[in-house]
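Take a look at the structure set out below.
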Amino acid sequence: EEVPDTGIPAVSRKITSLSSPLRAIVRLRRRYHVQKKSRLHLELPRENPTEFVHTRLLQRQLSLNRTGLYGPSMSLFNQTGFESSQYFTFDTSVEQHAMKKCRRKKSRRKSRMVLYPDKTKRYLPTEEKSKAKRCLFLLMAIIFFQILNAIENLDDNLQKYDLDGLEKTMHREVFGQKAAVESIMELLKDYLATHIHNKPLVISLNGPTGVGKSHVGWLLAKHFRSVMASDFVLQYFVMHHCPSGAAPLACEVDLSKKISDVVTRAEIEEKTPLFILDEVELMSPVLLDTLSRFFEPNQTNEFLNAIYILISNIGGGEITKFLIQNDSAELLRQHRGAEELVSIIQPVLSHVHPLWKSADIVPFVLLEKNHVINCFLEQMRREGLYPDQKHLEHLADQLSYYSAGDKQYSRTGCKQVVAKVNLQ
């Protein structure tokens, strides 16, 4: 009875000892077949994407079945994260393809780096602009603005002195000297266009007596006193400021002091002073030497900015002779006739003193009879008289004239007009 009891447990122990290895072998065999099937599915051609998707789903299902032992919650988690999460497989072809792609990119980058080692020459180098061109453009701009500023300053200076109004006044009140007035205005406009000069402006008014030279000087002084202060205009009459009995050295000191004071005040105010010197033919050589020193170009800046009007009868005989021989005052309006007349007067003036070499000579011609009649009319209007034409002609006939062809030129011009009017 005891033998069977002891034999049964021994057999069962043998069976159990044999079944555990068998079960392990069976599990390994099943796993081997599963892996083999999965490999066969993965090695299918890639041209059909739908079959590839089915094999992947099958592999996923098998893995879920194997992991079902861990519990329903874990299997459910894996199912929900199937479509979104990444998972591991034994197939490395995709990873190898991605790695090959990265290697290709890296190799290309390396090749580019070899071609362009400094990483800055991937594009064509930018063209460098020349600094010389920039400097040239800047210089051109500066010159342009300077020219523009100079043009504006020219207009400002001419407007400041109101030369247009002066020209109208002179054409209205000076008779028979149209060419001389135009020459004077042209010289003034050119000189007063700027305040910086290299020499003074010297205008010499030369001609016979009574032709309007002193009247032009009086009009210039009146106009410049109105546009500037009277301190910048000096009228110097030789017979008044330096009479025949005065000492030449005293006259020289007086004239030099007057000119220096006016020039100094004008330079402070940035004005161009005007000096009108009448009866210059009566000046002594000492005074002429003093004037010539002020006319020199190599001086200080304030003495270079000045206008000198020299009024004299020197050359009046040559002008009268030239006018009667040519029998027309219209010749002076032509450029050739004016140059010829100046060339006749210039040697006479240079013989008197060298200062006229630096002067612009403006000749004044003889007045015709109709010009004298206009002088009578203007003077009588100033006196408040309004005569008729016959009375004016009667007064004009009392003067003496040069006869040249069909024209008559007054010997004394309008010099005796004031005296004749006062006798009426």
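The values are calculated or read from the model by the stated rules, or taken from the named source; none is laboratory data. Not measured: the values here are computed from a predicted model. All Cβ positions, glycine included, derive from the backbone under ideal geometry; neighbour counts span all protein chains shown. Each accessible area value is taken on the protein alone, full model and side chains, heavy atoms only, with ligands, DNA and RNA left out. Shrake-Rupley method; radii C 1.70, N 1.55, O 1.52, S 1.80 Å.
For residue 232, the criteria (1) open to solvent by less than 60 Å² (accessible area, probe 1.4 Å); (2) farther than 29 Å from residue 170 by Cα; (3) modelled with pLDDT of 90 or more hold in every case but one, which is (2). Is segment 332-344 home to any residue that is at pLDDT below 90, aliphatic (A, V, I, L, M) and not assigned by the TED database to the domain that holds residue 217? Within segment 332-344 (the criterion being at pLDDT below 90, aliphatic (A, V, I, L, M) and not assigned by the TED database to the domain that holds residue 217), the answer is no, since none of the residues qualifies. Determine, yes or no, whether residue 151 is over 30 Å from residue 377 (Cα atoms), in a helix (DSSP H, G or I), among the β-branched types (Val, Ile, Thr) and modelled with pLDDT under 75. So residue 151 fits the description; yes. Here residue 323 fulfils each of the conditions (1) surrounded by 22 or more Cβ atoms within 10 Å (Cβ to Cβ); (2) modelled with pLDDT of 90 or more apart from (2).
Looking only at helices (runs of 4 or more DSSP H) that lie completely in segment 354-424, which have at least 2 residues being surrounded by fewer than 14 Cβ atoms within 10 Å (Cβ to Cβ) and under 55 Å from the mean Cα position of the chain (by Cα)? Correct list: 369-382.
Within segment 199-213, is there a residue that is open to solvent by 40 Å² or more (accessible area, probe 1.4 Å), within 30 Å of residue 146 (Cα to Cα) and within 34 Å of the chain's Cα centre (by Cα)?
yes
Filter segment 170-202 down to the residues that are closer than 17 Å to residue 224 by Cα, β-branched (Val, Ile, Thr) and at pLDDT below 90 and list them by number. Answer for segment 170-202, where residues must be closer than 17 Å to residue 224 by Cα, β-branched (Val, Ile, Thr) and at pLDDT below 90: just 194. Within segment 259-302, can you find the residues that are open to solvent by 40 Å² or more (accessible area, probe 1.4 Å), outside any loop (DSSP other than H, G, I, E, B) and within 24 Å of residue 224 (Cα to Cα)? Result: 261, 264, 265, 267, 268, 301, 302.
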